[in-house]
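To keep things clear, I will list the structure first and then write my remarks on it.
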Amino acid sequence: MPLHFQPSTAVRFLDDFRRRLVAHTWLTDVLAIFAIALLSRAALLIVGYAALGHQADRVALSTELCRFDCQWYLGIAEHGYTTTEANGQAGATSYGFFPLFPLLVRSVAPLFGGDFLWAAVAAANCCFLGGLIYVYRYALLVGANRTAALLAVAFLCVFPQSIAFSVPYSESLFLLLFAAAIFHLLREQFLAAAIAAALLSATRPTGVLFMVFALACVLHSTGPRIMFMAWRHPQRYLPLVFAPLGMFLFWSYCFLTVGDAFAHSHTELHGWGYHFMAPWRSLRMQLGADGMSVPAAWCSFAIFACSLLLLVRRRYQEFALCVAFFLLIWSTTTVGSIFRYWLVLFPIWVEVARRLDGRPVSTAATFSVLGIVNGCMMWAWVLQDLAGI
């Protein structure tokens, strides 16, 4: 008796095969992301151990990794906010730091026997891996192939001062929420994007700049004529409305505890001397300063030039977001001292990776330069040779 192969059977077989293939590819790429992250962290740890050999007083590497902002975050996680000035630094209090990362550390600390340092390291690295996966998914969403998407992930791992993603800093959590908010908004999953955006502005004050991206997306999807008619597509405005909520909640907490809703900005002003000025004045001051300010300021110009690739790809929403970041950072007095400000601008690195895809020599040269500089920054981090890192 002849067998009759129904078309529906063939369709089901092909769909099942496609799902299995996609699942296999996805698992392979996730493992590749984990491998890239772990290898890059291992390389930085090796550099860190080597740097320890040049210290007169040998201490544990974990102690050396907890530099600068780390002590503030751990203090908030363990003891909460306080107006006590640390290390005799007048005006510097824990109110200069946003609360979400310390809250995360406090919530996972019981899993580590109450050791807040290792809880913070674990939380930072888990957030980093999650952020890399979202960056990879974003790259595929905007049209990059798998190779370019993995290259973008590798860029984030080797960019100078990427150690900030694996120490008790809020950069890794910011990257995770930043990438999640952008990814879900581009997929029109508005509630997920709104929640991520609200958490983002509770992580770092720059998180509120996500409003620029959300507004640009509304403009792109509805057009300028009806973008102000929110009642027609109210769900599209959820991320825009939710984005500043994290900051507003922190301001409310500051007001209730110390009577100053803007305790964060006042602490940064009086404790660290951070204030805003016209971008051209700030850049001129940084270019005329000594130490790392000059090369770091020029680095910001180079990264801005790379952001122009977003215009070539017509990624206008991402470009507007990056411009907002540049203008904000160029308007502060710390333009030239912090490389890690540029780490989280992952849409730029996705476009750079797409441009380098298929050019092995250029890719190898780029990664070699970034890796060498990153190693030098790690060495300086451990030995505290460079002020302001």
- Note on the structure: Of the residues in the stretch 305-321 that are touching a residue at least 24 places away in the same chain (Cβ under 8 Å) and among the charged types (D, E, K, R), the one that is farthest from Val212 (Cα to Cα) is Arg313
- Note on the structure: Those residues of the stretch 215-273 that are hydroxyl-bearing (Ser, Thr, Tyr), in contact with a helix residue (DSSP H, G or I) (Cβ under 7 Å, 6 or more places away or on another chain) and either at pLDDT 90 or above or over 26 Å from Cys322 (Cα atoms) (or both) come to a total of 1
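Quick one: in the stretch 77-135, of everything that is of a type in the set (D, E, K, R) and in contact (Cβ under 8 Å) with a residue 24 or more places away in the chain, which residue is nearest to Leu156 (Cα to Cα)?
Within the stretch 77-135, the first condition is being of a type in the set (D, E, K, R), and the residues that meet it are 78, 85, 106, 115.
When the remaining residues are screened for being in contact (Cβ under 8 Å) with a residue 24 or more places away in the chain, the result is 78, 85, 106.
Working: Glu78: 30, Glu85: 34, Arg106: 27 Å.
Looking at residues that are of a type in the set (D, E, K, R) and in contact (Cβ under 8 Å) with a residue 24 or more places away in the chain, I get Arg106.
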- Query: Looking at the stretch 111-131, is at least one residue surrounded by fewer than 24 Cβ atoms within 10 Å (Cβ to Cβ) and at positive phi?
  - Reply: yes
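Taking the conditions exactly as written (in contact (Cβ under 8 Å) with a residue 12 or more places away in the chain, closer than 26 Å to Trp381 by Cβ and crowded, with 23+ Cβ neighbours inside 10 Å), does Trp342 satisfy them or not? Steps first, answer last, please.
Numbers: in contact (Cβ under 8 Å) with a residue 12 or more places away in the chain: yes; closer than 26 Å to Trp381 by Cβ: yes; crowded, with 23+ Cβ neighbours inside 10 Å: yes.
For Trp342, the condition - in contact (Cβ under 8 Å) with a residue 12 or more places away in the chain, closer than 26 Å to Trp381 by Cβ and crowded, with 23+ Cβ neighbours inside 10 Å - is met.
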- Note on the structure: Counting only residues in the stretch 91-119 that are over 17 Å from His264 (Cβ atoms) and not in a helix (DSSP H, G or I), the one farthest from the chain's Cα centre (by Cα) is identified as Gly113
- Message: What are the pairs with Cβ atoms under 7 angstrom where one residue, in the stretch 30-55, is in contact (Cβ under 8 Å) with a residue 40 or more places away in the chain and the other, located anywhere, is among the basic types (Lys, Arg)? Sequence gap at least six, or different chains.
- Response: Leu52/Arg58
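Go over the candidates Tyr237, Tyr169 one by one and state the one that is buried (at least 17 other Cβ atoms within 10 Å of the Cβ), part of a loop (DSSP other than H, G, I, E, B), on the phi < 0 side of the Ramachandran plot and aromatic (Phe, Trp, Tyr).
Numbers: Tyr237 fails: part of a loop (DSSP other than H, G, I, E, B).
Criteria check complete, one pass: Tyr169.
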- Could you grab me the full set of residues in the stretch 247-284 that are surrounded by fewer than 17 Cβ atoms within 10 Å (Cβ to Cβ), more than 11 Å from Tyr95 (Cβ to Cβ) and of a type outside the set (A, V, I, L, M, F, W, C)? Ser252, Gly259, Gly273, Tyr274, His275, Pro279, Arg281, Arg284
- Task: Looking at (1) over 16 Å from Gly207 (Cα atoms); (2) of a type in the set (A, V, I, L, M); (3) crowded, with 20+ Cβ neighbours inside 10 Å; (4) out of contact with any Ser or Thr (no Cβ under 8 Å at 6 or more places or on another chain), find the lone condition where Met292 falls short.
- Result: (4)
- Item | Residue in the stretch 137-159 that is surrounded by the most Cβ atoms within 10 Å (Cβ to Cβ), counting only those that are farther than 17 Å from Thr363 by Cβ and of a type outside the set (D, E, K, R) | Tyr138
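Where in the stretch 260-318 are there helices (runs of 4 or more DSSP H), lying fully within it, with 1 or more residues that are among the polar types (S, T, N, Q)?
Values: elements: 263-267, 279-287, 293-307, 309-312.
Counting at least 1 such residues, we get 263-267, 279-287, 293-307.
The values are calculated or read from the model by the stated rules, or taken from the named source; none is laboratory data. Here the structure is a predicted model, which means the values were calculated and not measured. Quick reminder, even Gly has a Cβ in these numbers, built from the backbone with ideal geometry, and neighbours come from all protein chains shown.
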